[in-house]
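Derivation of every value follows stated rules applied to the coordinates shown; laboratory data play no part. These numbers come from a predicted model, not from an experiment. Cβ: placed from backbone, ideal geometry, glycine included. Neighbour counts: every protein chain shown.
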Amino acid sequence: MTDNERPQAGSGSSGSSSGSDSQGPKRRRRRRPRRRAQGEQGQQQKSGQKAQQKSQPAEGEESRKGGNRGRRKAGGRNRRRSPQQTQRGRQPQKRRNQSNSRMVTRDETSAGGLVVSGLAEAVNDAGDVDLTRVYVALIGRLDRRGRLLWSMPKGHVEPGEDRRATAEREVWEETGVYGEAFADLGVIDYWFVSEGVRIHKTVHHHLLRFVDGDLNDEDPEVTEVAWIPVAELIEHLAYADERKLARTAHDLLPDLAREEKAAGRTTPR
């Protein structure tokens, strides 16, 4: 290139500057929206992080606050009661225990049993025993519902009195029949409350051989008296413990009947 063809410094510089001015603003306009968008995104991220930091406490604070809340809850559940509160909470149970301990408890002993008729006559020549021919005396009492309940006669043992003697006396008083005790049947015991007294009663039962007398219900505590076949004894008795004794009587009476026959005893008529 010659010096004439070489562009002048002013024109060349102006041309290049004009060209750069024409392209530069376009480039700056393209860049500025990008920078603004990036700036806005950055500001939004920063503001979101700040809001998140404000909404979520620091790690140390969170653990500290959570620990405090846990301790407060645990303390609320497991806090100790004062002696006054403990005493107030236990007063109802204490009163119940005191009321039970204040109730007087007394032991009582009674005796009675079954007076048996027809033992020797129930044994045939082969030695077999027919229990349908053996009878026992029972008493009937009305309960609160008006039901007639059958049971064995019995009563309180007097001081210094022998239990078999008590059984003979009580059977006579409650049935009008006199019998002689010759075998033990069994013992039962039970609890009940009478006039504010808790009573533990033990009753000794015996088998009595019929001697004399006629059935009567003159005892004011007895509603009815009857001779019951031994074969129907269990179903007549109202109480489970006496039904158990009746089963024992079923086992004992056959051998006792044979002994009565072998001894030559007969039942008075």
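Numbers at a glance
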item: Residues Leu256, Leu119, Leu138, sorted so that the one with the fewest Cβ neighbours within 10 Å comes first; result: Leu256, Leu138, Leu119
item: Label-point separation in nm, Asp125 to Thr223, each point 7 Å along Cα→Cβ; result: 4.7 nm
item: From phi via Karplus (6.51, -1.76, 1.60), per-residue ³J(HN,Hα) for the stretch 121-127 in Hz, x at Gly/Pro; result: 6, 7, 9, 8, 5, 7, x
item: Residues whose placed amide H lies under 5 Å from that of Tyr178, excluding near-sequence neighbours; result: Val211, Asp212, Gly213
item: For the stretch 213-226, 3J(HN,Hα) per residue [Karplus equation, 6.51 cos²θ - 1.76 cosθ + 1.60, θ = phi - 60°, Hz, x = Gly/Pro]; result: x, 10, 5, 8, 10, 6, 5, x, 8, 10, 8, 8, 10, 7
item: Residues whose placed amide H lies under 5 Å from that of Ala238, excluding near-sequence neighbours; result: Trp150
item: Under-5 Å amide H pairs with Ala183, H placed in peptide plane, nonlocal only; result: Leu207
item: Full-extension gain in nm, Ile234 to Ala263, via 0.36 nm per residue minus C-alpha separation; result: 7.6 nm
item: Per-peptide average of other Cβ atoms within 10 Å, ordering 105-115, 211-221 highest first; result: 105-115, 211-221
